[in-house]
Each structure stands twice: as C-alpha cells, then as structure tokens.
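The values are calculated or read from the model by the stated rules, or taken from the named source; none is laboratory data. The model shown is predicted, which means the values in this text are computed figures rather than measured ones. FYI the Cβ positions are ideal-geometry reconstructions off the backbone, even for glycines, and counts take in every protein chain you see. When the accessible area is computed, the model is the full protein with side chains, heavy atoms only, and any ligands, DNA or RNA have been set aside. Shrake-Rupley method; radii C 1.70, N 1.55, O 1.52, S 1.80 Å.
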Amino acid sequence: MHHKLIAALGALALAACATPAEAPPAPATPAPLASYEATGLLAKTLPELSDALANGEITSVELTQAYLDRIAAIDDAGPRLQSILAVNPDALAQAAASDARRSAGQARGPLDGIPVLLKDNIESADPMATTAGSLALKGNLTGRDSPLVAGLRDHGAIILGKTNLSQWANFRSNQSLSGWSSVGGQVRNPHMLDRNPCGSSSGTGAAVAASLAAGGVGTETNGSIICPSNVTGLVGFKPTVGLIPQDGIVPISPSQDTAGPMDRTVLGAAMLMNAMDPGGTDYTAALTPGALKGVRVGVLRAAQGSNPDIIARFDAALEVMKGQGAELVEVEGLEPPEGFWPASLLVLEYEFKASLNAYLAAAPPAVPTRTLADVIAFNNERAAEELALFGQDLFEASDALGPLTDEAYVNALKLVQSATRENGIDKLLADHNVSVLIAPSGPVAPRVDPVNGDVWPEWAGAGWAAAVAGYPNLTVPMGDVHGVPVGISFMGSKNTDAAILGYGYAYKQASGIRLTPKYLETAEDRPEIEAAMQK
C-alpha cells in the first residue's frame with residue numbers, strides 16, 4: 001500500500017525534526033475508495049434495469065452512455081480494473097435502435113436495450129476483433145455473430161464490448177497467471193485490487209461485479225465461469241454442454257467447452273440463458289422462492305475444504321436452505337479413480353490441438369497463425385510480450401500429440417466421462433435419492449502473483465466433476481471472508497439446468513446476500529486487518 005507507506009515515512013521524518021513542543025501534522029487522508037462504488041441507475045441489477053426500460057424511466061441510450069462513462073472512469077482510469085479489451089463503437093447506435101423499437105411498441109422482450117459484455121473469445125459481427133487475449137489474433141475480425149450473440153441480438157441486447165481474460169482461456173501453461181493477457185494486461189478484482197480475479201472469464205467477472213454492464217457472458221472448460229464468479233461475488237452459470245452452440249468461440253475442448261451467463265442475480269442469468277439457448281426453454285419459469293421446499297439436497301462435505309471461514313459460510317447457507325424446506329442429505333465425496341487427473345489433462349491437450357487447428361484454418365486472412373504450431377512460433381518471436389510472465393508448455397505438449405483417433409485419447413475420454421457421469425454425479429444423485437449436489441464454489445482468492453504465477457490455497461468445491469461431465473453448475477454468493485467473496489455451487493445431472501437455476505434462486509432470495517465491491521487496495525484496508533497488522 002504505497003500511499004500508507006509514504007504517509008508513514010513522512011510522519012516519521014517530521015517527528016524526528018520536531019521540537020518537543022511540536023506535534024507532527026497528521027498524514028493526509030487518501031480519497032475514499034468508496035467513491036468508485038456504483039450508485040443510482042448503475043447500482044440497479046439487470047432485471048431492475050429491464051423494468052426501468054419497460055416503464056420509460058430510462059432510455060437505452062442513457063443507460064449505455066452511463067456504462068461507457070463508468071468504463072472510462074474506473075476501468076481505464078481510477079482503480080484501472082483492465083477488465084475490458086474493447087468497447088463496441090456501434091453500442092450507442094444499437095441503443096438508439098432499441099429505443100426506436102420500444103417507442104414503436106416493438107420491443108423484442110425484457111433484454112431489449114440491455115447492455116451486455118462478451119468474453120473476448122466469443123465472436124460478434126461488431127467491429128471488434130476476437131483475440132482470446134493474444135496478439136496473434138489481433139486481426140481476427142470475422143464479421144459474424146456466434147450463435148449465442150445472434151440470440152442476444154435477436155432479443156434486443158446491446159453488445160457493449162469485449163472483456164479481458166486469462167490468455168487463450170487459461171490453456172497455455174501450467175504456470176499461468178489468471179486474468180492476464182498480452183493484449184489487456186492483468187485484470188483486477190474490484191472487491192480487493194490485489195486479489196486474484198480467477199479465470200479464465202476474469203474480465204467478465206470483474207466488469208459485471210463493478211457495474212460496467214448489466215450482465216455478461218463467460219466461457220468455461222473447467223472452472224472458468226464458476227471460479228471468477230465465486231471470487232467477484234457474482235452469480236455464474238455453466239450450463240449443460242451443448243445447450244448453447246459453441247460455433248464462433250475460440251475453442252479448447254469440444255467435450256467440455258460451454259458459454260454461460262455471469263450476472264449479479266439468478267434472474268438476470270436466466271434471462272440471458274433464454275436468449276443464448278436456441279432450444280426455447282424459459283429458464284425464468286422455475287425461479288420461485290419456494291423452489292427448495294421438499295427437495296432432497298446432497299451435501300458434499302468432503303468438498304468443503306479445511307478453511308474454517310468457508311465452512312462457516314457453508315454451514316450458514318445450509319441453515320438457510322433448511323429454513324426453505326430443503327431436506328439435507330450428507331453424501332460421500334466424489335472420488336476420482338486412479339489415473340483420472342492425467343487422463344483429464346490429456347483429453348484437453350488432444351482436443352485443444354484438433355479444435356484450435358480447425359478454428360485457425362478458417363480464420364480471416366489477417367490472422368497470421370493458421371495452426372497451433374504457428375502460434376507457438378509466434379509466441380517465441382514475440383516472447384518479450386507473449387511470454388513475459390510464463391511459458392507455453394501446454395501448447396507444446398498439445399502440439400506433440402496425434403489425432404483424436406489415437407487410442408490414448410479415446411481411452412482417456414472414456415475414463416474421465418465415466419468417472420464423472422454414471423460413476424460420479426449421476427451415481428451420487430441416484431444412490432442418495434437427491435436432486436442436486438451442493439458444495440462451496442472455490443477457495444478464498446489469493447493475491448495476484450506475477451512472480452510465481454497462480455498460487456491457490458487448498459481447493460474447496462467439486463466443480464471439476466460438473467465440468468468434465470459436461471453437467472450444469474451454478475454458483476451463488478454465500479458471503480465473504482474479510483471482504484473477499486465466496487460462493488456456493490448447485491450441481492445436477494445433464495439437462496437439469498432450469499431446476500438448478502431454480503434452487504439457486506430460492507437460496508439467494510432467502511439469504512439476501514448481495515456483495516458490493518469496495519475497491520480496496522489490499523486486505524489491510526479492512527479495519528479489522530489493519531488493526532491487527534499495524535502496531
């Protein structure tokens with residue numbers, strides 16, 4: 001905390017020079033960080049903004065301009081969250097078109113006029129490149145909407161911009177730094193600026209938590225929606241793989257990749273799902289305060305970790321659910337079989353090479369890299385920018401592998417899917433006759449560490465199982481630990497997405513927990529920690 005150090009040194013110097021009759025002047029009080037907090041219109045949630053647009057309280061142009069001003073004030077300046085890579089130059093024009101539709105009585109639904117942000121591995125037809133955070137893709141202007149963006153646009157949503165991310169969706173190195181990309185630098189967590197924003201959807205998480213848009217879209221292969229939502233105090237939903245088409249998204253793993261909504265409310269996430277899923281499901285229909293009544297809930301105690309603060313928040317969440325009429329059932333933890341973790345990585349490495357090569361082969365001519373091998377060479381040539389903080393060992397391991405017909409890949413995929421599906425989540429649900437499994441969503445976020453890369457405490461949660469299985473996982477805030485958010489996960493079987501959202505909605509409505517970022521520089525800005533640290 002540089003301002004405190006400078007102030008303390010200044011006070012000591014003045015005291016040393018003062019005569020006994022003099023008292024050193026008090027150090028200057030820094031500007032209150034609370035000035036960065038969203039107020040008024042920008043403090044409203046996505047559903048509240050939807051109502052305000054429908055009631056004529058605001059226009060989409062006014063709302064969009066307010067978000068653009070806030071981005072300039074706290075993402076580009078102020079605390080410099082660095083959560084947004086590009087602002088859509090057509091956003092205000094889209095907002096004006098929305099206002100015109102609404103004036104003519106032709107609004108396209110509750111999302112019409114709502115500004116949303118996209119993780120920058122998702123293509124849109126707007127004049128913004130899809131970079132995945134890499135300079136190798138700075139020319140990746142495809143001029144097309146991915147199907148999920150087409151759905152959002154059909155529902156009238158405003159594409160406000162593209163968010164920063166862990167480069168290549170955090171699949172470049174085992175020593176990576178979550179939230180860092182060579183295009184956008186390091187994303188900052190708005191709750192505590194030196195804390196890890198997690199990834200890879202770090203920019204979407206930080207931006208939505210900081211009220212830089214009404215909602216956003218992230219992507220997940222294994223934890224990339226759930227983890228950043230967990231540490232920024234958001235609702236994050238990873239749907240069943242396949243519900244949202246993955247065309248037009250820079251890939252890692254076709255068997256695990258999915259996009260999903262990130263919002264401050266479960267209702268807002270469900271509204272975004274309605275637009276992104278072309279199947280026609282109304283995900284808002286199951287959102288009732290009584291959705292947990294009589295539901296048997298499987299409690300994954302073995303996945304709660306050992307952090308006493310997380311366990312206390314988890315226990316409090318269980319009491320809330322009991323109060324809503326849920327029947328809590330303790331279930332044994334998910335124990336992966338021998339060889340699971342190496343096999344799960346091997347699946348990702350095989351699928352990454354195959355799917356990325358196919359994506360790059362069809363990229364616009366302005367993209368100089370047409371294969372994974374080309375990207376590796378590009379990074380070596382631009383090492384001062386691309387490899388400044390960590391290497392590309394996952395790239396190199398992936399590129400050394402063969403085709404998806406290799407027996408090693410086929411066997412690995414069978415092992416990990418069986419372990420997480422019929423012998424994992426589905427088995428626990430059936431054996432204990434429960435409808436949903438719950439656990440903490442993750443650990444308390446550590447500090448950003450560009451020297452050592454990500455250094456996480458003991459992990460809490462079982463989101464890995466839902467990710468590998470391709471099953472739904474919803475995280476909802478369950479409190480904070482000294483100002484750092486922590487969440488609770490609701491996981492279920494394939495295509496139980498609407499029910500999972502309903503359970504999370506009922507819990508969130510009953511808990512009333514809403515975590516507002518305070519933009520603290522470090523944990524020592526918390527009074528209880530400062531008092532303990534400064535003697």
Subset of segment 212-258, residues among the charged types (D, E, K, R) and either closer than 26 Å to Pro446 by Cβ or crowded, with 24+ Cβ neighbours inside 10 Å (or both), comes to Glu220, Lys238, Asp257
Counting only strands (runs of 3 or more DSSP E) entirely within segment 218-303, those with at least 3 residues that are of a type outside the set (S, T, N, Q) and within 12 Å of the chain's Cα centre (by Cα) are 235-238, 258-263
Output for Cβ contacts, cut-off 6 Å, separation at least six or different chains, first residue closer than 15 Å to Thr130 by Cβ in segment 341-366, second open to solvent by 40 Å² or more (accessible area, probe 1.4 Å) and of a type in the set (Lys, Arg), reads Leu360/Arg370
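So, Leu111, is that one within 17 Å of Ile158 (Cα to Cα), assigned to a helix (DSSP H, G or I) and in contact with a helix residue (DSSP H, G or I) (Cβ under 9 Å, 6 or more places away or on another chain) or not?
Values: within 17 Å of Ile158 (Cα to Cα): yes; assigned to a helix (DSSP H, G or I): no; in contact with a helix residue (DSSP H, G or I) (Cβ under 9 Å, 6 or more places away or on another chain): yes.
Taking the combined requirement at face value, the residue does not satisfy it.
Can you confirm whether segment 148-155 contains a residue that is in contact with a helix residue (DSSP H, G or I) (Cβ under 6 Å, 6 or more places away or on another chain) and in a loop (DSSP other than H, G, I, E, B)?
Initial filter on segment 148-155 (in contact with a helix residue (DSSP H, G or I) (Cβ under 6 Å, 6 or more places away or on another chain)): 148, 151-152, 155.
So of that shortlist, the ones also in a loop (DSSP other than H, G, I, E, B) come out as 155.
Yes - at least one qualifying residue is present in segment 148-155.
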Within segment 388-410, residues without any contact (Cβ under 8 Å) to a residue 24 or more places away in the chain, assigned to a helix (DSSP H, G or I) and over 12 Å from Glu351 (Cα atoms) come out as Glu396, Glu407
Restricted to segment 111-158 and to residues being within 22 Å of Asn274 (Cβ to Cβ) and among the acidic types (Asp, Glu), the residue surrounded by the fewest Cβ atoms within 10 Å (Cβ to Cβ) is Asp154
Conditions (1) touching a residue at least 40 places away in the same chain (Cβ under 8 Å); (2) aliphatic (A, V, I, L, M); (3) not in a loop (DSSP other than H, G, I, E, B) -> Ala430 fails only (1)
(1) modelled with pLDDT of 95 or more; (2) open to solvent by 60 Å² or more (accessible area, probe 1.4 Å) all hold for Glu332 apart from (1)
Expected output for segment 136-156 (first residue free of Cβ contacts under 8 Å to residues at least 60 places away in the same chain, partner of a type in the set (Lys, Arg), Cβ below 8 Å, 6+ apart or cross-chain) is Gly156/Arg101; Gly156/Arg108
Exception for Val183 within (1) over 25 Å from Gly453 (Cβ atoms); (2) open to solvent by 10 Å² or more (accessible area, probe 1.4 Å); (3) among the β-branched types (Val, Ile, Thr) falls at (1)
